[in-house]
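No value in this document is a laboratory result; all are computed from the given coordinates. Not measured: the values here are computed from a predicted model. With ideal geometry, Cβ positions are generated from the backbone for all residues, glycine too; neighbour counts draw on all protein chains shown.
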């Protein structure tokens, strides 16, 4: 009987095989999530934890593997091989090729001692660089939470979205004291450029309150959650997420639901030292 990690391995192997067979196609993260049969919000963190690399790195590596085969088994010139590998300049291709294989394309092609690369990937469990002995969790049903929310595109680091939210909340007379602050994160920072990361900053509101633009009502997902109790600086939350999706999730019998994760902030850096900040990391689960 397979354990959870073996099942996730098989799913990630399907993704790698699909990439290898469609190297010249547009490979969107949402399409690859369907291949993995996992939530589009969460699957890439699992992929990175099991393979040890991002999708971008996988595509680059496999294209360079294919280029090594072209160097050995075709008469195509370097410019054509570089273009097929995704490089418009031979110099850029040569640097990337040497970084992966230890030799320039010209030396690699000329030497009978170097062979083309055909292997795609050996999947294994990669160690996560986070101490998790204090990251306790519970699985529980959570109701939908009604938020006055503002959408943000940009880095997850910093408080730009929440500064905008605070300003609007004060202007619209939304009580701040004792009201939950929640952040929802829609992208994996390792797969999406910082300036394109999507998030939602929200504050819990009563049923009879309707915010005005640019705030809007957002209702969180009601259902089963794995709630991880994190204590420490916000800038280390990413490592906690890595452990959850790369360590805990594959080894558990759980599977993420197709909804974004959310951070529930239980205190504030305005009055609390960074090491004492408490955050509930809430991961929606199927079933």
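For 28, 39, 21, which order do you get if you count the other beta carbons within 10 Å of each Cβ and list the fewest first? Spell out each step's value before the answer.
Details: 28 11, 39 20, 21 8.
Ordered by Cβ neighbours within 10 Å, fewest first: 21, 28, 39.
Sort 137, 8 by Cβ crowding within 10 Å, fewest neighbours at the top. It would help to have the intermediate numbers written out before the result.
Numbers: 137 19, 8 26.
Going from least to most buried by this count: 137, 8.
Please report the base-10 log of the normalised intensity I(q)/I(0) for region 129-199, using a Debye sum with one equal scatterer per alpha carbon and no solvent, at each q in 0.11, 0.16, 0.21, 0.23 (1/Å).
One equal scatterer on each Cα of region 129-199 leads to -0.41, -0.81, -1.06, -1.10.
Got a sec? Which residues in region 152-196 would a label at residue 30 touch, if it sits 7 Å along Cα→Cβ and we count backbone N under 20 Å?
From region 152-196, the list is 152-154, 184-196.
Expressed as an acute angle from 0 to 90° and rounded to the nearest 10, what is the orientation of the C-alpha long axis of helix 160-171 relative to the principal long axis of the chain?
20 degrees
How high is the relative contact order of region 4-110? Use alpha-carbon pairs under 8 Å, at least six apart in sequence, and give a whole percent.
Numbers: 81 pairs, mean separation 19.4, N = 107.
Contact order relative to length: 18 percent.
Express the relative contact order of region 66-119 as a whole percentage, based on alpha carbon pairs under 8 Å and six or more residues apart in sequence.
On the way: 48 pairs, mean separation 23.7, N = 54.
Normalised by residue count, the contact order of region 66-119 is 44 percent.
What does a probe at residue 139 reach in region 12-54, counting residues whose amide N is under 11 Å from the point 7 Å along Cα→Cβ?
Correct set: none at all.
Suppose only helical runs count, i.e. DSSP H with n ≥ 4. What mean residue ellipticity at 222 nm does that imply for the chain under -39500 (n - 2.57) per run, divided by all residues and rounded to the nearest 500 deg cm²/dmol?
Values: 9 runs with 98 residues, N = 287.
Helix-only estimate at 222 nm: -10500 deg cm²/dmol.
How high is the relative contact order of the chain, in percent, with contacts defined as C-alpha pairs under 8 Å that are six or more residues apart? Please list the in-between numbers first.
On the way: 463 pairs, mean separation 63.7, N = 287.
Across the chain, relative contact order equals 22 percent.
Measure nothing fancy, just the Cα-based angle from helix 4-21's long axis to the longest principal axis of the chain, in degrees from 0 to 90, nearest 10.
The two axes meet at around 50 degrees.
Mind giving me the FRET efficiency for residue 194 and residue 229? R0 is 41 Å, r the Cβ-Cβ distance, nearest 0.05 is fine.
Numbers: r = 27 Å, r/R0 = 0.67.
In this case the efficiency is close to 0.90.
Using the number of other C-beta atoms within 10 angstrom as an exposure proxy, rank 225, 115, 234 with the fewest first.
115, 234, 225
Along each of its three principal axes, how wide is the spread of alpha-carbon positions in the chain, in whole angstrom units, largest first?
73, 46, 34
How long, wide and thick is region 136-284, going by the Cα atoms along their three principal axes, in whole angstroms, largest first?
Cα extents, longest axis first: 46, 30, 28 Å.
Less than 18 Å from a label point 7 Å out along the Cα-to-Cβ axis of residue 157: which backbone N atoms in region 259-287 qualify, by residue?
Inside the label zone: 274-275.
Determine the shape class of region 217-287: with a ≥ b ≥ c the square roots of the Cα gyration tensor eigenvalues, call it rounded for a/c under 1.5, and otherwise prolate if a/b is greater than b/c, oblate otherwise. Before the final figure, lay out the partial values.
Numbers: a/c = 2.81, a/b = 1.45, b/c = 1.94.
The shape class here is oblate.
Report, in degrees rounded to the nearest 10, the 0 to 90 angle that the Cα long axis of helix 90-101 makes with the longest principal axis of the chain.
Value to nearest ten degrees: 80.
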